[in-house]
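Asker: Quick one: structure below, then a few questions.
The numbers here are math on the coordinates, done by the rules we state, and not lab data. No experiment lies behind these values; they were computed from the predicted model shown. All Cβ positions, even for glycine, are placed from backbone atoms using ideal geometry, and neighbour counts span all protein chains on display.
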């Protein structure tokens, strides 16, 4: 399923604005695949990754996506098991993005 989703998201005509992958049980490999697919999706303005485990590596990929993507304004990472190291990765670099809403509840 995620291969098909990544293919759809990376298509030049993709106009999706809000993407919710709530409780999708995404592995690190799938996260990387999706983040790479989303890097050229200019219409994307909101991402919810709630209830997925976010390691420091995954947080680093999320930050790179948000920094390279001027339209992403809302990021929901609630219930993502974000530990102190992952939070450090997020907080060091997320300020260089256009994120205006960041949900870190229940971590």
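Asker: Roughly what angle does helix 28-38 make with the longest principal axis of the chain, taking Cα atoms, 0 to 90 degrees, to the nearest 10?
Answerer: Here the helix axis deviates by roughly 50 degrees.
Asker: Averaged over all directions, how much area does the convex hull of the C-alpha atoms of the stretch 49-100 cover when projected, in nm²?
Answerer: One quarter of the hull surface, i.e. the mean projection, equals 3.1 nm².
Asker: OK, next. At 0.36 nm per residue, and after removing the present C-alpha to C-alpha distance, how many nm does the segment from residue 39 to residue 88 gain when stretched out fully?
Answerer: So the extension gain works out to 15.4 nm.
Asker: Treat the chain as a sphere of radius equal to its Kirkwood radius over Cα pairs and apply Stokes-Einstein at 25 °C in a medium of 0.890 mPa s; give the translational diffusion coefficient in µm²/s, rounded to a whole number.
Answerer: 181 µm²/s
Asker: Run the simple label-point estimate for residue 2 and residue 81 please: 7 Å along Cα→C-beta, distance reported in nm.
Answerer: According to this spin-label approximation, the distance is 1.3 nm.
Asker: For the chain, what is the calculated [θ] at 222 nm in deg cm²/dmol (nearest 500), taking -39500 (n - 2.57) for each run of four or more DSSP H residues and dividing by its residue count?
Answerer: -12000 deg cm²/dmol
Asker: Under a 10 Å cutoff between Cα atoms, tell me which one of 50, 78, 27 has the largest fluctuation in the Gaussian network model of the chain.
Answerer: Sorting by GNM fluctuation, first place goes to 27.
Asker: Taking Cα centroids, how far is the stretch 42-89 from the stretch 9-26 in Å?
Answerer: Answer, in whole Å: 13.
Asker: How many nm separate the modelled label positions at residue 74 and residue 18, each set 7 Å beyond the Cα in the direction of the Cβ?
Answerer: 0.5 nm
Asker: Residue 53 to residue 98: extension gain in nm, 0.36 nm per residue of separation minus the Cα-Cα distance?
Answerer: 13.9 nm
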